[in-house]
Amino acid sequence: MTDPTNERKIEHIRAIEQDPLTDRQGHWFDRIRLTHRALPELALDAIDPSTEFLGKRLSFPLLISSMTGGDHELVRRINTNLALAAEQCQVAMAVGSQRVMFTHPEARASFALREHAPTTVLIGNVGGVQLNYGFDLDKCQQAVDCVGADALYFHLNPLQEAVQPEGDTNFCNLAQQMGAVAAGLSVPVMLKEVGSGLSPADIELGLGQGIRYFDVAGSGGTSWSRIEHHRRHDGSDIGLRFQDWGLPTPLALQQAEPYLDRASLIASGGLRDGIDMAKSVILGASLCGMAAPLLQPAMESAEAVIDAIERLRREFVTAMFLLGTPDVTALFRNRTLIVQER
């Protein structure tokens, strides 16, 4: 018997494959110009791009952002290849929404990735709105245990749910419920948007509930509103109307800067290369998430994902070298490196 949530995962992947404009290519990071150092006074091979996150050392601040999960051979292949590459390259990885494993138990295998990534950072993922639709602390802990996760994302997607044909749109009183889960869960809770950005008001609500990790996930990259447009068959174009809705990721990072004494930020949404990563770290991100650039390689092999990650690492290290920054500490929140914002 087919499961609607499981089938939706494949529909999402096909929409991304068939419509290149789901990647909005906002290029918001291109508006930020950095100071080039002709005399960096550094050796390129001495640059240290490593960083620590959730108590683990990563080779550089890359997060393979949430993509998918479910009972389908393609989905299992994607997640396995991503996990193998994350472990080989020692970067972090977040899984896609785990809701499907509670309606389709066979999907659990696509999330049980610790065997493929025994040492690196893995992050589970549950829709925050599902706390109003039967999810509780026990199910959240099951999601964590299935992945062997170091943290759990609550993804927040009001736009996607609003334009989705079968969307769950009761977002009432979620902050308090997420706080209650955070207080009882075995690992930290992290709040994440899915492409429209977290505002300062959102971060304040999370901080008030004891949550300290925020993935701003702004606009400019993959548009889930446009993806959901392809799943509608009622003639509505609401998904297209809102395809560029939200806070661009650089703006979301800038607005969140006052909270950095109490919060850790992850930048995702529209990052496409190592230069965007460097700019994100300068703006206060501890980790930089990408999904779309790694999806096609993940369909091929773990080796293809590793090659893509290594390209990102070379770009990030080269940017550090050209900025005269020997390590990530010298890059983090160093706004003197920004010469111009257009």
message: Let me spell out the model: positive unit charges on the Cβ of Lys and Arg, negative unit charges on the Cβ of Asp and Glu, origin at the Cα centre of segment 137-256. What dipole size does that give, in debye rounded to 20?
response: 120 debye
- prompt: Can you give the Rg to Rh ratio for segment 137-239, taking only C-alpha atoms and Rh from Kirkwood?
  reply: 1.01
query: Order of 285-291, 233-239 by packing, highest average Cβ count within 10 Å first?
result: 285-291, 233-239
- line: By the Kirkwood definition, with r running over pairs of different Cα atoms, segment 72-201 has a hydrodynamic radius in Å of 15.2 Å
message: I'd like the carbon and sulfur percentage of the solvent accessible area for the chain, probe radius 1.4 Å, heavy atoms only, ligands and nucleic acids excluded.
response: 50 percent
field: Two-decimal Rg/Rh across segment 95-141, once Rg and the Kirkwood Rh are taken from alpha-carbon atoms
entry: 0.99
message: Taking the solvent-accessible surface of protein heavy atoms with a 1.4 Å probe, what is the per residue accessible area of segment 236-342 in Å²?
response: 41 Å²
- prompt: With r defined as the distance between the Cβ atoms of residue 45 and residue 172 and R0 fixed at 56 Å, what FRET efficiency is calculated, to the nearest 0.05?
  reply: 0.55
- prompt: Put +1 on the Cβ of every Lys and Arg and -1 on every Asp and Glu Cβ in segment 1-153; which of 75, 25, 95 then has its Cα farthest towards the positive end of the dipole?
  reply: 25
message: Rg/Rh for segment 196-242 to two decimals, with Rh computed the Kirkwood way over all alpha-carbon pairs.
response: 1.17
message: Given axes a ≥ b ≥ c from the Cα gyration tensor, I'd like to know whether segment 176-323 is rounded (a/c under 1.5), prolate (a/b larger than b/c) or oblate.
response: oblate
- request: Send over a whole-number figure in Å² for the accessible area per residue of segment 15-161, probe 1.4 Å.
  value: 40 Å²
message: Let's test the formula: R0 of 35 Å, r as the Cβ-Cβ distance of residue 245 and residue 37. What FRET efficiency results, to the nearest 0.05?
response: 0.40
Pair residue 340, residue 301: separation of 7 Å Cα→Cβ label points (nm): 4.4 nm
- line: Among (1) 30, 21, 21; (2) 25, 24, 20; (3) 40, 25, 18, the value of semi-axes √(5λ) of the Cα gyration tensor in Å computed for this structure carries the label (1)
- request: With 10 Å bins from zero, work out the P(r) of segment 288-342 over every alpha carbon pair and list the percent per bin.
  value: 20, 38, 28, 13, 0
task: Using the Kirkwood radius over Cα pairs, work out the Stokes-Einstein diffusion coefficient for segment 1-141 at 25 °C and 0.890 mPa s, in µm²/s as a whole number.
output: 139 µm²/s
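The values are calculated or read from the model by the stated rules, or taken from the named source; none is laboratory data. All values reported here derive from a predicted model rather than from experimental measurement. Cβ atoms come from the backbone with ideal geometry, glycine included; neighbour counts cover every protein chain shown. When the accessible area is computed, the model is the full protein with side chains, heavy atoms only, and any ligands, DNA or RNA have been set aside. Shrake-Rupley method; radii C 1.70, N 1.55, O 1.52, S 1.80 Å.
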